[in-house]
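The values are calculated or read from the model by the stated rules, or taken from the named source; none is laboratory data. Keep in mind it's a predicted model, so treat the numbers as computed, not measured. Neighbour counts run over all protein chains shown; Cβ positions are idealised from the backbone, glycine included.
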Amino acid sequence: MFPAGRIAAMGTIKAIIGFLAIIGVIYAGYQVIPPELTNYSFQDDLRQVAMTGGASPNKSDEDIRTMVLSKARDHQISLTGNQVTVQRINTPGLSAVYVAADYSVPVTLPGYSFNLHFTPSSENKGF
């Protein structure tokens, strides 16, 4: 059988490993959750830009693209004009605009790095 001191030491080691695992999960969440929340908020802004662009037919695609890039800067998202899609959907009596973006955010964890890829859109294509 195991001596009592050795069993207590094993329990302490398990507790430390469990504590470190919890700290690791919290740290990973701290790195991943903010970009997810930023993307969610940016997607709301894209819907608003699409509604504004659809309601105002005198706005050019470039005007709408500039609005999207401005919203991205507000959220500290690095975007270029090539990463923004603007499509007009014109049907008799209805003008709509579809807006989308495509970007990645690097996430660095101890010993592991990866990119979170986002493709937010206005989701109102084809009313």
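Selection within the range 40-66: residues that are of a type in the set (S, T, N, Q) and over 18 Å from the mean Cα position of the chain (by Cα). The member of this set that is surrounded by the fewest Cβ atoms within 10 Å (Cβ to Cβ) is Asn58. Checking Leu69, Leu37 one by one, the residue that is surrounded by fewer than 12 Cβ atoms within 10 Å (Cβ to Cβ) and not β-branched (Val, Ile, Thr) is Leu37 and no other.
Considering the range 53-127, the qualifying strands (runs of 3 or more DSSP E), each wholly inside and each with 3 or more residues that are aromatic (Phe, Trp, Tyr), run over 112-118. Cβ-Cβ distances below 8 Å connect no pair with a first residue in the range 71-91 that is within 17 Å of Thr52 (Cα to Cα) and touching a residue at least 60 places away in the same chain (Cβ under 8 Å), a second residue that is outside any helix (DSSP H, G or I) and aliphatic (A, V, I, L, M), and a separation of six or more residues or different chains. Scanning the range 64-115 for residues that are charged (D, E, K, R) and closer than 30 Å to Tyr27 by Cβ returns Lys71, Arg73, Asp74, Asp102. Is it the case, given these coordinates, that Ile13 is surrounded by 11 or more Cβ atoms within 10 Å (Cβ to Cβ) and on the phi < 0 side of the Ramachandran plot? Here the answer is no, as Ile13 does not meet what is asked. For the range 74-88, filtering for residues that are in contact with a Gly (Cβ under 9 Å, 6 or more places away or on another chain) and either surrounded by fewer than 16 Cβ atoms within 10 Å (Cβ to Cβ) or modelled with pLDDT under 90 (or both) leaves 1.
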